[in-house]
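One structure below.
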Amino acid sequence: MNQTWDVTVSVNGAPVQATVPVRQSLADFLRHTLELTGTHVGCEHGVCGACTVLLDGRSVRSCLTLAVQANGHSITTIEGLAGDAELGPLQQAFMDQHALQCGFCTPGMLATLTEFLREHPAPTEHEVRLAISGNLCRCTGYENIVRAALQAAPALYASGTQGGVPGASE
Amino acid sequence: MKPSPFAYHAPTTLAETLDLLADLDDAKLLAGGQSLMPMMNFRYVAPEHLIDLNQVAGLDRIELGEKYVRLGAMVRQRSLLTHDALNACCPLFREALEWVGHIATRNRGTLGGSLSHLDPAAELPVVCMALNAEVEIASSEGQRTVQATQWPVAYMLPNIDEHELLIGIRFARPDTSFGARTGMAFSEFARRHGDFALAAVAIVVALDDDDTVTHASVALGGVDDVPLRLSAAEELLIGRRADAGVVTTAARAALELPGFEDVHASATYRRKVAMTLLERTLSTALMRARESQT
Amino acid sequence: MSSSWIGKSVKRLEDPALLTGRGQFVDDIHIPGTLHAAFVRSPHAHARIANIDKSGALSFAGVHAVYTFEDLPDALTARPLPELQPNSLMRAAVMPFALARDEVCHVGAPVAVVLADDRYIAEDALEHIVVDYEVLPAAVDVFDAAEPGAATAHAHLDDNLAADIRIGYGDADAAFMNPHLIIDERFVQHRGTAHPIECRAVQAQFDELTDTMRLWANTQTPHLYKAAYADLMDVPEQNVMVIAPDVGGGFGPKVMLYPEQLVVPACALLTGRPVKWTEDRREHFITATMERDQHWRGELAVDADGTIRGLRAEMLHDMGAHAMWGIVTPWISCTTVPGPYVLPSYQMHCRVVMTNKVAVTPVRGAGRPQAAYFIERLLDRAADALGLGRDEIRRRNYVQPEQMPYEVGLIFRDGRPVVYDTGDYPELARLALEKSDWAGFRERQRAARAEGRYLGIGVASYIEATGLGPFEGTSVHVLPSGRVAVHTGAAPQGQGHQTMLAQVVADALGARLEDITVKTSDTVTIPRGVGTFASRITPNASPAAHEAGLSVKTKIRKVASHMLEAAEEDLEVEDGRVFIRGVREHGKTFAEIAKFANALPGFALPKGLDPVLQDTVYFAPEQATYPCGTHVAEVEVDPALGAVRILRYVTAHDCGTIINPVSVEAQVMGGVAHGVGNALLERMVYDDAGQPLTVNFGEYLLPSAPEVPCVEQTHMESPTPLNPLGAKGAGEGGTIPAIAVIVSAIEDALAPFDVQINDVPVTPDRLLALIDESTEESH
């Protein structure tokens, strides 16, 4: 009994059609079917946040989302964050502030902060800490991630107000 | 940590969903998936059928009436947190939701999912109990309601049949039901931000012009193996002028609870922290009630 | 003269790939035809395997094989995993077999392996393998396990004592003759583990054509893995290739050689297919090695003025079931106790006890946080008893800079005497105390108390033996393109070794930073290596890089001298060019020089020139080097909830010459965060049967951003004479005093309740219980 389902998903702006096993997680679909291995899997129970991606512009745990649930939606992963640029403003801020060490939690941090900063032009340090409280990092002690978020906030907010959060309702 | 095989169903209407529920045995409902999917990944839960509610039309509405508020089961936690009109009439949601998980889990997690999973320390069941909400339940046989206070039956066991569907909750608008001098407050203590509470308290109190308590709902989570209303505290409050002494006495009622123990805290600890939070939160709610005098 | 790269905060060369999803971690490798492994694991802490029925799993569509002990290659059934840290002091050193032979000794021990088309199917099949276990009595509580007649962790042993260590120096008995004060205390540090966000993973591919086993593993020690595999399987080392690609954190447990690292290649041999195993978090909780888990008791004798006279101590170390890293951790603990203080006499009796739990091996700090906690808390107690400031008692006992090099009187785990090389301990303390406004704290505390708030402050100092041998190597090769290829035995997991080594090579060689590519963690590129642990890469691999860079520069000069027809001593090398001093425009680029040296096919090379502008240097340190520092923490405690908030955290730190300041600061920040977890959150709990009760991230809590403070840092640089760069290593110092300083501050905040905190982590529940006990006693 390994049921499959046909899905059409927009991944980093490109349409993807695939037949997925219904029990496959969105994380495994991205990593193993599409070979977009920038999304990382750290705990598979929704706590570490490494697998966080954007679904219609909103951060979700791709380990707790089934691939089939992405049908008809748009997904943005770390591979799609910079658009045509080498690095987007948040990625550049991470580099400037030395906000990553091993880089394993980084894709989830970037996804979470991309959503958060698009809606918060001038967050406080505490607000940034709360925003990433669902993303565990064992290397950095978080301080430089917070600094990077504060550095990137104006640019991210501007990008959010220009294009809005794609697909986000309310 | 991959789930066992299951048959996947993605109904788009309520009727279709209820038919599936009636027909299928060993089916689980997938709402936001923030509790069910981890349990399936661990294979603690391995249903034969998974019915995905995310495409069912009409379950995600927030309806603010003159007297009542109705919230659909698939309203996301994020919406409860950010909905300004809802929080203008019932700020308990925003106050509680800030403690619930994290941005990404709130984006998916739903009201109905929290109520159905019924973790004893989850915030939303406590809020619903404090609001005297009614839980609306549908099945292919028809609809029924259950008082939120009657919703928990036992540890993580809600008052619903496996062929039924929680479709939403309804509660009287607290800002208009109890008079102008109504105060609400929520607080909790958890080991880290976003964790399940070691104790959580939701309060709705109303005062008359003499500062006598006319209504008191005191709901607790995380203390016992189910969320509960602390009627002993409510009885102490109603009909009295709520000075500091009364607040302290009412809070002490938490010490009489049996308490619940896990790797994070003992029953003794939970009782004491419930008492402390109750005293602090009740004081806040009373202050807000006094300040809301028009 | 170009400015030096050493000492500059260089943006990391590692980052662009990791920031755009182009990193390559083991699980990112997709080799067509790969089979996916999943393991049947023991559900019992101690049991004998009576029978395994795998027929149910084999009938699953998509399942290719199920292997148990009997199916493994002979090399893996003839002997267990190799002991990587043998030590003559060990009475018993039990290592596991790659798959359980007949006995399982901890929950999670691998019993059988399934190979399937994907991990989903492999996990389906696991449920259909039936193992009959005869449950045996388990050694769980370390005190019980240490008693005569206790249930033994291994059926063939008579007791659980793995090692009985007695070390010390000086005349302790004399020290305890009529001292002014004896502090007698017990302390416990519970068990926890590293939890890198990436779990373990192995991919194996056997290439029949070249008879080569290719292994990708997220190990901290690829060369060790290669050597152990080759030795165990009795194949030539050059037929084994190990690559640790990007590794998602390590912190110690990824140093070890685990059973899965042998089973996965064995499966590749048995099936003729590539095989991958990616550990999931549930497995990591029950298989990755752990740490702390020590029970200490000590008597500290002090004079009336706070001068330490001596210390008598005993410690029970729970090593778990297997001798995965020998007695390294307890040995480091025992030898770190004197810390930055003059301790005139010291006696330690440490018993290393086996239990039916996952092995204890180093986790960030490696036994030092426990030792620092022990001595620092004893000093706190002594200060309180004497009415001295916690800062003052330390000031009166620090080893003074003029005493350097300071020989403690112990033998360290590298077999050499513990000799502190450089550092100004009193000055570091002064800097930390000043920056934290220690002097103004009592006033802050008084003002807060008036508002009903409880503030506390703590101070702790530490030393850390880093840069352990035996050696590390770096090769530098100037290619005909002019680019510089650097290879090293270092195997990083985020420390930024590539950037750091590029800085060192740029300076030594006179190359441009952007021309340097550093490759790590690949056994093909450098024949020997040791690995990344014990904060050992900066003090070992970078001196090697420095010397290799200088050596290649000499070769370059020789060739350039021939090309430019100038004497070598008249040449300068800078920014990838060699030119005649004072005639900057008259020169040759590295590319021109390397092409010349490489010569045209068939042409003769001028006499005396080295055709390959390459050298590999292995740097072997004489002994460990000693970073040091002082931390100060200020906390607020809500005594009604047992809630702790860290308000400020200040460090003064000295790791010798700093190569990349932002990297060093980041190491300190991360280390402190780990200490916050150890102090407040992280505890692996077991029931009486040895069943772990904290097996997910909702039960075992890692620090998240709101719990971790900003770390305000000051650095001194006291270069070590032990290597040409003077660098000491910075990976673990942040963690070592953090537990002590946080707990000290909490205790200070709760002074009105007269609470004494001896066990860590100190949870809200525990804190409230201590307050209640203390309140009840006083009634």
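Label 7 Å along Cα→Cβ of C:R442; segment C:734-762 residues with amide nitrogen under 16 Å? Correct set: C:748-749, C:751-752.
Backbone amide hydrogens, once placed in the peptide plane, bring C:T422 within less than 5 Å of C:Y626, excluding anything fewer than 5 places away on its chain. Taking a ≥ b ≥ c as the square roots of the eigenvalues of the Cα gyration tensor, segment A:63-102 is oblate, since a/c reaches 1.5 or more and a/b is not larger than b/c.
Just in segment B:229-294: which GluC sites (Glu not before Pro) are loop by DSSP and have at most 14 other Cβ atoms within 10 Å? When the GluC sites (Glu not before Pro) of segment B:229-294 are filtered for loop state and at most 14 Cβ neighbours within 10 Å, B:E261 remain.
Peptide C:641-654 is shielded by partner chain Cβ atoms: per residue, an average of 2 of them sit within 10 Å of its Cβ.
Rolled with a 1.4 Å probe across the full set of protein chains, the surface gives A:C43 an accessible area near 0 Å².
Measuring only protein heavy atoms, the 1.4 Å probe finds A:R23 accessible over about 10 Å².
A simple spin-label model places the labels of B:T82 and B:E235 4.5 nm from each other, with each point 7 Å out along Cα-to-Cβ.
For C:H546, neighbours were defined as the other residues whose beta-carbon sits under 13 Å from its Cβ, and their charges (Lys and Arg +1, Asp and Glu -1) total -3. Scanning residues 5 or more positions from A:C63 or on other chains, those with amide H under 5 Å from its amide H are A:A27, with H placed 1.01 Å from N in the peptide plane. Around the Cα centre of chain B, unit charges on the Cβ atoms of Lys, Arg, Asp and Glu (plus for the first two, minus for the last two) sum to a dipole of about 900 debye. If R0 is 41 Å, the Cβ-Cβ spacing of B:A172 and C:A751 corresponds to a FRET efficiency of close to 0.25.
For segment C:676-779, the gyration tensor built on C-alpha atoms gives an oblate shape. Its axis ratio a/c (a ≥ b ≥ c) is at least 1.5, and a/b is not larger than b/c.
Each Cα pair under 8 Å and six or more residues apart adds its sequence gap; the mean of these over the residue count of segment C:642-723 is a relative contact order of 52 percent. Give, as a single signed number, the net charge of other residues whose beta carbon lies under 12 Å from the beta carbon of B:I160, with Lys and Arg counted +1 and Asp and Glu -1. Taking every Cβ under 12 Å from that of B:I160, the sum is -3. Approximating the spin labels as points 7 Å out from Cα along Cα→Cβ, the C:N51-to-C:N239 distance works out to 3.9 nm.
A dipole drawn for segment C:8-107 from +1 and -1 charges on Cβ atoms has a positive end, and of C:Y67, C:S88, C:C105 the residue lying farthest that way is C:S88. Each residue of segment C:750-764 was assigned a 3J(HN,Hα) from its phi angle through the Karplus curve 6.51 cos²θ - 1.76 cosθ + 1.60 (θ = phi - 60°); the sequence is 9, 3, x, 9, 6, 8, 10, 10, 10, 9, 10, x, 9, 8, x Hz, with glycine and proline shown as x.
Per residue, chain C reaches -8000 deg cm²/dmol at 222 nm when only DSSP H runs of four or more residues are counted, each adding -39500 (n - 2.57). Going by Cα centres, segment C:374-401 and segment B:100-138 are how many Å apart? Rounded to whole Å, the Cα centres lie 51 Å apart.
Computed per residue of chain B from DSSP H runs no shorter than four, each worth -39500 (n - 2.57), the mean residue ellipticity at 222 nm is -9500 deg cm²/dmol.
C:E732 sits among other residues whose Cβ lies under 11 Å from its own Cβ, and their net charge, with Lys and Arg +1 and Asp and Glu -1, is +2. Taking Cα centre as origin and charging only the Cβ of basic (Lys, Arg, +1) and acidic (Asp, Glu, -1) residues, the dipole magnitude of segment C:448-558 rounds to 240 debye. Phi-derived couplings, Karplus 6.51 cos²θ - 1.76 cosθ + 1.60 at θ = phi - 60°, listed residue by residue for segment C:181-186: 8, 10, 9, 10, 9, 10 Hz, with x used for Gly and Pro.
Computed over protein heavy atoms with a 1.4 angstrom probe, the accessible surface ordering of B:R252, C:R528, B:R70, C:R394, largest first, is B:R252, C:R528, B:R70, C:R394. Taking the Cα centre of segment A:67-159 as origin and assigning +1 to Lys and Arg Cβ atoms and -1 to Asp and Glu Cβ atoms, the resulting dipole is close to 220 debye. Just so you know, the Cα atoms of chain B work out to an Rg and Dmax of 19.1, 63 Å.
Label positions at B:R61 and C:Q691, each projected 7 Å from the Cα along the C-beta direction, are separated by 4.8 nm. Per-residue extension of 0.36 nm, minus the Cα-Cα distance of B:Y68 and B:D210, leaves a gain of 48.4 nm for this segment.
Got a number for the accessible area of B:K2? Probe 1.4 Å, square angstrom, nearest 10. Result for B:K2: roughly 20 Å² accessible. Taken as Cα centroids, segment A:48-93 and segment C:162-191 sit 55 Å apart, rounded to the nearest whole angstrom.
In terms of its C-alpha gyration tensor, chain C has an oblate overall shape, because the principal axis ratio a/c (a ≥ b ≥ c, square roots of the eigenvalues) is not below 1.5 and a/b does not outweigh b/c. By the helix-only formula, in which each DSSP H run with n ≥ 4 contributes -39500 (n - 2.57) and the sum is divided by residues, chain A has a 222 nm mean residue ellipticity of -9000 deg cm²/dmol. Answer with one residue from C:A460, C:V505, C:F374: the one whose Cα lies farthest towards the positive end of the charge dipole of the protein assembly as shown, charges on Cβ with Lys, Arg +1 and Asp, Glu -1. Going by the charge dipole, the pick is C:V505. Between segment C:654-689 and segment C:210-275, the C-alpha centres lie 28 angstrom from each other. Karplus-derived 3J(HN,Hα) values for segment C:550-558, using 6.51 cos²θ - 1.76 cosθ + 1.60 with θ = phi - 60°, are 5, 5, 5, 4, 4, 4, 4, 4, 4 Hz; glycine and proline are entered as x. Other protein chain C-beta atoms within 10 Å of residue C-beta, averaged over C:242-249: 3.
Ranking C:M233, B:M287, C:M290 by solvent-accessible area of protein heavy atoms (1.4 Å probe, all protein chains present), from largest to smallest, gives B:M287, C:M233, C:M290.
Given R0 = 35 Å, the distance between the Cβ atoms of C:D305 and C:E622 translates into a calculated FRET efficiency of 0.45.
Along the positive direction of the dipole of segment C:740-779 (beta-carbon charges: Lys, Arg +1; Asp, Glu -1; about the Cα centre), which of C:A740, C:L767, C:Q756 reaches farthest? My answer, from the dipole projection, is C:A740.
The values are calculated or read from the model by the stated rules, or taken from the named source; none is laboratory data. Keep in mind that this is a model prediction, so the values were computed, not measured. Every residue, glycine as well, gets a Cβ built from its backbone with ideal geometry; the counts of neighbours run over all protein chains shown. Heavy atoms of the whole protein, side chains included, go into the accessibility calculation; ligands, DNA and RNA do not. Shrake-Rupley method; radii C 1.70, N 1.55, O 1.52, S 1.80 Å.
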